[in-house]
Amino acid sequence: MKKIFAYSDGLTRKPTHYCPGCTHGVIHRLVGETLMELGLRERTVGVAPVGCSVLAYEYFNCDMFEASHGRAPAVATGAKRTRPNLCVFTYQGDGDLASIGMAEIVHAANRGEKFTSIFVNNAIYGMTGGQMAPTTMPNQRATTCPAGRDVNDAGYPIKVAELLATLTTPAFVARVSVHSPQETVKAKQVLRQAFEYQAEGRCYTFVEFLSTCPTNWGLSPRESDSWLEQEMLPYYSLGIKKRPEDFEGGPKWK
Amino acid sequence: MTKVLMKGNEAIGEAAIRAGCLHFFGYPITPQSEVPEYLSKRLPEVGGQYVQAESEVAASNMIYGAAGVGMRVLTTSSSPGISLMAEALSYIACCELPVVVVNIMRCGPGLGGILPSQSDYFQATKGTAHGDFDIIVLAPSSVQEAVDLTIISFELAEKYRNPVMVIGDGMIGQMMEPVSFPDKEIGPPLDPGDWGLTGCKDRPRRIVNSLYLDPDLLYQQNIKLKEKFELIKQNELRFELYNCDEPYDLLLVGFGMMARICKTAIDQLKAEGLNVGLFRPITVNPFPYEACAEAIGRSKSVISVEMNMGQMIEDVRLANVEGKPVDFFGKTGGLIPAVEEVQDKVRESLAAMKK
Ligand SMILES: Cc1ncc(C[n+]2csc(CCOP(=O)(O)OP(=O)(O)O)c2C)c(N)n1
Ligand code: SF4
């Protein structure tokens with residue numbers, strides 16, 4: 001019999017603690033598969049965040065750090081700068097990366113650190129029980145904005161991919177989604193491209209994943225996929241926002 | 001060994017290189033900025049790398065990353081910056097990684113001022129950050145000693161896999177003194193042993209982590225850290241006794257540059273026929289309680305002399321097992337107690353004893 005589906009050796013066999021229907025698990029799998037396909041696993045060091053994926057160090061089948069809340073890009077900088085032959089990635093939620101860790105991500109990107117950030121945007125703080133995130137949608141309810149996010153009070157959700165794409169430093173910046181099999185297949189290609197750029201020592205690479213949190217959105221897994229498609233996609237447009245090639249012929253300084 | 005005239009901050013940077021540290025992550029702050037400035041020039045010359053972090057929060061997490069992959073690493077800062085490094089130090093201590101941090105202390109609290117102080121004694125020795133852990137803290141009192149202790153710091157950090165902090169006041173960082181360095185140009189690289197994250201080729205994967213959701217396991221880690229520090233207490237206490245060979249009625253206790261001022265005061269008092277001893281802890285954490293107790297035991301009373309509002313005095317009191325009178329003399333805010341002021345305090349104290 002031909003084997004058509006199997007565990008990825010990029011992940012450990014430990015069952016994850018993610019809620020049913022949560023797409024953190026899908027994104028883990030894409031990362032694990034990519035590390036295997038590119039032959040990177042044995043020289044990879046991942047950095048787990050604080051958030052629902054805090055235990056990611058138990059799931060990725062490579063050397064792993066657990067960082068403090070928001071600081072994964074700084075930890076990755078320390079690792080990659082001192083051992084440049086390693087493949088280094090951070091895996092971070094939206095509270096971790098876009099709130100408490102905003103300084104670290106912007107400056108890592110701006111220095112052109114040669115690692116990959118996997119940014120899981122689920123528009124909420126999952127781990128702490130559904131509080132408002134910097135990425136929470138306008139009028140979306142959360143436990144700290146029970147009447148829905150008031151943009152006059154909390155501002156508009158931050159589009160991190162677009163924000164990082166404004167930096168002059170060459171980088172690969174993209175936003176993908178995993179709410180449907182089609183998009184998941186595309187997301188994998190983009191992720192692969194990011195790790196390839198890293199392996200070439202080319203540039204900083206950033207992939208934002210739109211992800212679901214059925215538990216704190218108060219929706220079933222299927223409803224969550226639809227909500228992501230209807231509410232998040234129009235605001236968080238998918239696609240590659242910046243490529244290192246864009247820089248060629250760009251500003252040059254003496 | 002030839003001597004060169006060097007500013008304390010630059011000498012600390014050079015000492016790190018001689019110890020084999022080729023990686024520095026830091027952020028400018030007076031009065032330590034000459035360390036990053038010096039290393040940004042020197043490290044590329046020796047095949048190392050300087051990275052200017054966006055903040056001390058980031059710098060300290062960068063050293064966590066570098067130490068975690070088994071590389072020897074340094075960061076330096078001054079008081080407000082060290083407050084921002086607290087978070088990472090707690091993580092690094094729990095993960096048992098070797099890092100060296102230098103605090104060239106300025107006066108506080110708040111933004112305080114840029115002048116020298118010893119106001120971060122409590123922060124360094126007692127409450128560096130959240131959770132149960134200790135860091136080794138060394139206090140040099142000359143530029144040469146800053147060099148020597150910086151080199152020793154790397155040895156200690158690696159021997160115990162624990163953060164080590166060198167605390168110098170702004171004076172040590174800024175003044176120039178003749179120093180000599182070990183002849184050996186650059187020390188050998190750190191061995192990432194069975195813990196560094198170097199990629200899991202031909203071995204099981206490794207994890208650098210401080211999360212323990214199981215209370216029994218976290219408690220075991222707490223005990224492990226405690227036992228390690230007990231070992232450090234047994235093996236690594238350093239101190240200096242000055243003018244303690246002849247009988248003395250009064251003992252001064254001072255660390256860092258303050259001890260040097262005390263020494264000058266003691267030398268001059270000797271000419272007046274007043275014999276005063278000095279106990280200078282070099283490891284301020286762990287504090288050499290027994291040696292201090294012994295020195296206090298031979299005195300009638302003791303004065304803790306500090307460039308702060310009275311912090312080390314609490315350790316002096318703990319060492320004062322015989323219940324001798326303990327007094328404090330010090331100043332801060334950027335004011336430095338003068339030799340004459342120390343002498344006046346000593347004379348006043350000795351006169352009061354006679355009454
Ligand atoms: C310094 C600090 N502040 C706050 C927290 C509490 N905390 C843990 S996870 C989290 C939010 C995580 O949300 P996100 O990054 O969106 O990840 P998700 O759980 O949604 O995957 C917060 C605020 C912490 N652990 N450390
Ligand atoms: S709380 Fe949300 S993000 Fe966290 S595991 Fe559950 S569904 Fe996923």
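Suppose the filter is open to solvent by 10 Å² or more (accessible area, probe 1.4 Å), charged (D, E, K, R), modelled with pLDDT of 95 or more and more than 15 Å from the chain's Cα centre (by Cα); does residue A:33 pass it? It is true that residue A:33 is open to solvent by 10 Å² or more (accessible area, probe 1.4 Å), charged (D, E, K, R), modelled with pLDDT of 95 or more and more than 15 Å from the chain's Cα centre (by Cα). Cβ-Cβ contacts under 7 Å between residues 6 or more apart (or on different chains), taken from a first residue in the stretch B:70-84 that is within 11 Å of residue B:111 (Cα to Cα) to a second residue that is assigned to a helix (DSSP H, G or I) and modelled with pLDDT of 95 or more, are listed as B:81/B:56.
Against the list (1) under 22 Å from residue A:239 (Cα atoms); (2) within 16 Å of ligand 1 (Cβ to nearest atom); (3) in contact (Cβ under 8 Å) with a residue 40 or more places away in the chain, the condition residue A:126 fails is (1). Considering only residues of the stretch A:39-49 that are of a type in the set (A, V, I, L, M) and over 13 Å from the mean Cα position of the chain (by Cα), which is farthest from ligand 2 (Cβ to nearest atom)? Here the residue is A:40. Would it be correct to say that residue A:143 is within 16 Å of ligand 2 (Cβ to nearest atom), open to solvent by 10 Å² or more (accessible area, probe 1.4 Å) and over 25 Å from residue A:34 (Cβ atoms)? Answer is yes for this residue.
Among the residues of the stretch A:1-21, those identified as within 16 Å of ligand 1 (Cβ to nearest atom) and in contact with a Gly (Cβ under 8 Å, 6 or more places away or on another chain) are A:16, A:18. Any idea how many residues of the stretch B:91-124 are of a type outside the set (D, E, K, R), under 12 Å from the mean Cα position of the chain (by Cα) and open to solvent by 10 Å² or more (accessible area, probe 1.4 Å)? Residues flagged as of a type outside the set (D, E, K, R), under 12 Å from the mean Cα position of the chain (by Cα) and open to solvent by 10 Å² or more (accessible area, probe 1.4 Å) within the stretch B:91-124 amount to 2. Which pairs turn up if I take residues in the stretch A:15-43 that are without any contact (Cβ under 8 Å) to a residue 24 or more places away in the chain and look for partners that are within 16 Å of ligand 2 (Cβ to nearest atom) and of a type in the set (Phe, Trp, Tyr) with beta carbon separation below 9 Å, at least 6 apart in sequence or on another chain? From residues that are without any contact (Cβ under 8 Å) to a residue 24 or more places away in the chain, the pairs are A:25/A:18; A:25/A:59. Take residue B:240 and decide whether it is under 18 Å from the mean Cα position of the chain (by Cα), open to solvent by 30 Å² or more (accessible area, probe 1.4 Å) and away from chain A (no Cβ under 14 Å). So residue B:240 fits the description; yes. The sole residue among B:50, B:64, B:38, B:91 that is away from ligand 2 (no atom under 16 Å from the Cβ), more than 15 Å from residue A:68 (Cβ to Cβ), within 14 Å of chain A (Cβ to nearest Cβ) and in contact with a helix residue (DSSP H, G or I) (Cβ under 8 Å, 6 or more places away or on another chain) is B:50. Only one of the numbered conditions (1) of a type in the set (Asp, Glu); (2) touching a strand residue (DSSP E or B) at 6+ places or on another chain (Cβ under 9 Å); (3) surrounded by fewer than 17 Cβ atoms within 10 Å (Cβ to Cβ) is violated by residue B:177, and that is (3).
Within the stretch B:74-82, is even one residue more than 14 Å from chain A (Cβ to nearest Cβ), over 20 Å from the mean Cα position of the chain (by Cα) and open to solvent by 10 Å² or more (accessible area, probe 1.4 Å)? Looking through the stretch B:74-82, none of the residues is more than 14 Å from chain A (Cβ to nearest Cβ), over 20 Å from the mean Cα position of the chain (by Cα) and open to solvent by 10 Å² or more (accessible area, probe 1.4 Å).
The single residue among B:233, B:228, B:263 that is part of a helix (DSSP H, G or I) and open to solvent by 60 Å² or more (accessible area, probe 1.4 Å) turns out to be B:233.
The residues of the stretch A:68-102 that are part of a loop (DSSP other than H, G, I, E, B) and within 16 Å of ligand 2 (Cβ to nearest atom) amount to a single one, A:69. Here the stretch A:195-253 is the region considered, the condition is being away from chain B (no Cβ under 14 Å), away from ligand 2 (no atom under 16 Å from the Cβ) and of a type in the set (A, V, I, L, M), and the residue that is farthest from the chain's Cα centre (by Cα) is A:233. Screening residue B:210 against (1) more than 14 Å from chain A (Cβ to nearest Cβ); (2) open to solvent by 20 Å² or more (accessible area, probe 1.4 Å) leaves a single unmet condition, (1).
For the stretch A:162-172, the condition of being at pLDDT 95 or above, under 21 Å from residue B:65 (Cβ atoms) and assigned to a helix (DSSP H, G or I) holds for at least one residue.
Set side by side, the residues A:2, A:14 differ, and just one is surrounded by fewer than 16 Cβ atoms within 10 Å (Cβ to Cβ), more than 14 Å from chain B (Cβ to nearest Cβ), among the charged types (D, E, K, R) and over 20 Å from residue A:187 (Cβ atoms), which is A:2.
Here residue B:38 meets each of (1) open to solvent by 20 Å² or more (accessible area, probe 1.4 Å); (2) part of a strand (DSSP E or B) with one exception, condition (2). Is it fair to say residue A:102 is open to solvent by 20 Å² or more (accessible area, probe 1.4 Å) and not hydroxyl-bearing (Ser, Thr, Tyr)? Yes, satisfied. Just one of the listed residues (A:69, A:107) is surrounded by fewer than 20 Cβ atoms within 10 Å (Cβ to Cβ) and within 7 Å of chain B (Cβ to nearest Cβ), namely A:107. Would you mind stating whether residue A:128 is away from ligand 2 (no atom under 16 Å from the Cβ) and not in a helix (DSSP H, G or I)? No.
If you go through the stretch A:22-38 and keep only what is within 16 Å of ligand 2 (Cβ to nearest atom) and in contact with a Lys or Arg (Cβ under 8 Å, 6 or more places away or on another chain), you end up with just A:30. The set of residues in the stretch B:51-73 that are open to solvent by 10 Å² or more (accessible area, probe 1.4 Å) and within 12 Å of residue A:77 (Cα to Cα) comprises B:52, B:54. Selection of the stretch A:146-157 for residues being surrounded by fewer than 18 Cβ atoms within 10 Å (Cβ to Cβ) and either out of contact with any Pro (no Cβ under 9 Å at 6 or more places or on another chain) or in a loop (DSSP other than H, G, I, E, B) (or both) yields A:146, A:147, A:148, A:150, A:152, A:153, A:155, A:156.
Taken together, the residues in the stretch A:237-254 that are at pLDDT 90 or above, assigned to a loop (DSSP other than H, G, I, E, B) and among the basic types (Lys, Arg) amount to 1. When residue B:5 is tested against (1) more than 14 Å from chain A (Cβ to nearest Cβ); (2) touching a helix residue (DSSP H, G or I) at 6+ places or on another chain (Cβ under 9 Å), exactly one condition is not met: (2).
The values are calculated or read from the model by the stated rules, or taken from the named source; none is laboratory data. What you are looking at is a predicted structure, and each value in this text was computed from that prediction instead of being measured. Glycine also receives a Cβ, built like all others from the backbone with ideal geometry; neighbour counts cover every protein chain displayed. Please note that ligands, DNA and RNA were not included when accessible areas were found on the heavy atoms of the full protein model with its side chains. Shrake-Rupley method; radii C 1.70, N 1.55, O 1.52, S 1.80 Å.
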